[in-house]
Amino acid sequence: MTYAIETKEMTRYFGDLCAVNKVSLQVPSGAIFGFLGPNGAGKTTTLRLLLGLLDLHGGSATVLGYDVATQSHLVREHTGVLLEHDGLYQRLTVLDNLEFFGRIYRLEKKARQMRIQELLEHLGMWEWRNADVSKLSKGMKQKVAIARALLHRPSLIFLDEPSAGLDPVAAVALREDIQNLAQREGTTVFLTTHNLAEAEKICDMVGVIRQGQLIAVGTPAELRAHTGKPTVAIYGQGFSASAVEALRSLPQVCSVLFHPDHLQVELEPGAETAPLISLLVRQGVEVEEVRKGRGSLEEAFVMLMREEEQKSSEV
Amino acid sequence: MDDIMTIFWKELKELWHARGGLRTRLLTYLPLLLVFGVVLPLQEREAWVDGPLAGIFAIVLPFILAGGAVADSFAGERERHTLETLLATRLSDRDIFLGKVLACVTYSVALVWASMLLSLVTLNVVKGSGPFFLYRNAILLMIVVGALLSSMLTAAIGVFVSLRAPTVRAAAQWFSVITLVLFVGGPLLLQALPPSAKEALLQILNTVNLNLVGIVLALVALALDIVLLALGIARFQRTRLILEE
């Protein structure tokens, strides 16, 4: 397997604060990698280190085979970015913005124009090509910034919180665009996000960072399996307090949450659902629907954070 | 060179669109062209092309024009949150820096030269017949070379101010203070000199070759431009700029 990104004990300090602490990471080529973590965890610093915008204080990192310490210009030549801010020039039109970045990456005039049209049409932004960027909505700007990041057909794109500040509809549309474009162009995507539902849907692999340390890496399913417990949602009528209590007394049941129309039950790994349903029926509940599910990535993430907090408080 | 020109192209477009719509842009540039291209030449007539006034304006005006442009280009890029994306491209620090400086200098010099050219057209149109009004050689040199050196010097000083300022407004304010000190401080200092010192200075000015003084001043300005621009290049490092974001 080839890796688009490989880091070994990558470290960066800001004064006494260790913002990125011996992070060792491998991102396979062609994957959509989600980098998760709370605010101030070190996500943006990691991204800046990988782009060679900050110097490493320890360890090493290669991006697309280029050493970020000595060949950062080559890293930047072969990657595209959408950082925390869209980085678009508000006074210029959509076309002018893309023209500028096309020139930066030395695309020939005709190839540049064709590529701009191709990307804008794919993103549904071609009609807006002559509009000033300042006139666009946040979602539209993000689309233009995605087009800019992909303009020179980079092998890898870095996206820093791409759906931050977008309404749910625009966020879903953007997620689909990223997925489609990455798939179509065979681009590796390194994505930092707070949005765990987004990461779960879009990412092949995720890494979790906390206080500069990488605390988990794997596929979303692996992370869920490792830390999240299976759950079951039981829909029906006649949920009584005694029925809920009876459920809670079962050894395979970890917790029961009562909602107006259903019960959300967290189970021990490998627990069966059938005994729960029998018990509820015996208690007079009319069960209408049972939905099995594993814990979400969000639950797994929260659990990871709590575990780490506990570990640090023990130390 | 291609990369410098790419930045140059973007900067000029941004400067042109900085004032918003066409009407606002006209309201910005027209007064400048009217004052220095029409009103003052008509007031001064022959003295405009023979006296030092046009040359002095050509040297002073860039402090306003290039100063504003450089604040918008350097502090503005940071204020508008476009700097990090630009630094994340393949462009070298030096090319970004030089592209920006070149654009600010071109913007300033083009406006000064356009005003001075317009003043010649105005004078000759009003005159109607007879030999053309043309600038004296020394004045022409002040306009062509002086405006260029003055724009470069302003841009070079402006870079340092703008790289430290958090916003375009702050950069412009700091730069105004520097300009004020330069242009008001000098004459005030002269006024404060004792009469004997003033007389001695006048005597020196009367005996010395003014053309030679001009050449020496131009060479000093050129040397200062080169040193300040080299320091600017050394200061404009992405790993440093990112930390100031």
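Side notes on the structure shown:
- Footprinting exposure proxy ranking of B:F63, B:F160, B:F183, fewest other C-beta atoms within 10 angstrom first, gives B:F183, B:F160, B:F63.
- Between B:V227 and A:D167, the FRET efficiency estimated from the beta carbon spacing at R0 = 60 angstrom works out to 0.70.
- Chain B: angle of helix B:22-34 to the longest principal axis, Cα-based, in degrees nearest 10: 30
- Compared with the dominant principal axis of the Cα atoms in chain B, helix B:53-70 is inclined by about 10°.
- A simple spin-label model places the labels of A:E288 and B:V121 8.1 nm from each other, with each point 7 Å out along Cα-to-Cβ.
- Among A:L120, B:L222, the ranking by other beta carbons within 10 Å of each residue's beta carbon, starting with the fewest, stands as B:L222, A:L120.
- Charge sum, other residues only, whose C-beta stays under 13 Å from B:A156's C-beta, Lys/Arg counted +1 and Asp/Glu -1: +1
- A simple spin-label model places the labels of A:E222 and B:W113 6.3 nm from each other, with each point 7 Å out along Cα-to-Cβ.
- Which of B:S73, B:S129 has the fewest Cβ neighbours within 10 Å, and the rest in rising order: B:S129, B:S73
- Debye-sum result for chain A in log10 I(q)/I(0), which assumes one identical scatterer on each alpha carbon, at q = 0.09, 0.10, 0.12 Å⁻¹: -0.57, -0.68, -0.87
- Taking Cβ atoms as reference points and 9 Å as the exclusive limit, the residues near A:Q237 contribute a net charge of -3, counting Lys and Arg as +1 and Asp and Glu as -1.
- Relative to the globular-protein estimate of 2.2 N^0.38 Å, the Cα radius of gyration of the range B:133-211 stands at 1.50.
- Across B:P52, B:P194, B:P166, mean-square fluctuation computed from a Gaussian network of chain B (C-alpha pairs under 10 Å connected) peaks at B:P194.
- Among A:H73, A:H122, A:H259, the largest mean-square fluctuation in a Gaussian network model of chain A (Cα springs under 10 Å) belongs to A:H259.
- Angle between chain B longest axis and helix B:2-17 axis [Cα atoms, degrees, rounded to 10]: 70
- Take the Cβ atoms of A:Q264 and A:E309, set R0 to 22 Å, and the FRET efficiency comes out at 0.35.
- Local electrostatic count, B:A234, Cβ distance below 14 Å [Lys/Arg +1, Asp/Glu -1]: +3
- For chain A, built as a Gaussian network whose Cα springs stay under 10 Å, the top-fluctuating residue of A:T188, A:T219, A:T70: A:T70
- Summarising the amide proton neighbourhood of A:F239: residues at separation of 5 or more, or on other chains, whose placed amide H is nearer than 5 Å comprise an empty set.
- Per-bin percent of Cα-Cα distances, the range A:65-154 [10 Å]: 17, 50, 25, 8, 0
- Using R0 = 35 Å, the C-beta based FRET efficiency linking A:E176 and B:V184 works out to 0.05.
- Amide proton proximity set for A:A69, modelled H, under 5 Å, gap of 5+: A:A61
- Straight-line cross-link partners of A:K292 among the lysines, defined as a Cα under 25 Å from its Cα and at least 8 positions apart when in the same chain: A:K201, A:K229.
- The largest-to-smallest principal axis extents of the Cα set in the protein assembly as shown are 115, 52, 46 Å.
- The calculated pair-distance distribution of the range B:1-78 uses every alpha carbon pair, bins of 10 angstrom beginning at 0, and gives 15, 36, 30, 16, 3 percent.
- The range A:229-293: translational diffusion in µm²/s, Stokes-Einstein, Kirkwood Rh over Cα pairs, 37 °C, 0.692 mPa s: 287
- Expressed to the nearest 5 percent, the antiparallel share of DSSP beta bridges inside the protein assembly as shown is 70 percent.
- Label point distance in nm, A:T273-B:A200, each placed 7 Å from Cα along Cα→Cβ: 10.1
Quick note: the coordinates plus some simple rules give every number you see, no bench work behind them. The shown structure was predicted, so the numbers you read here are calculated from the model rather than taken from an experiment. Here the Cβ is made from the backbone with ideal geometry for all residues, glycine too, and neighbour counts use every protein chain on show.
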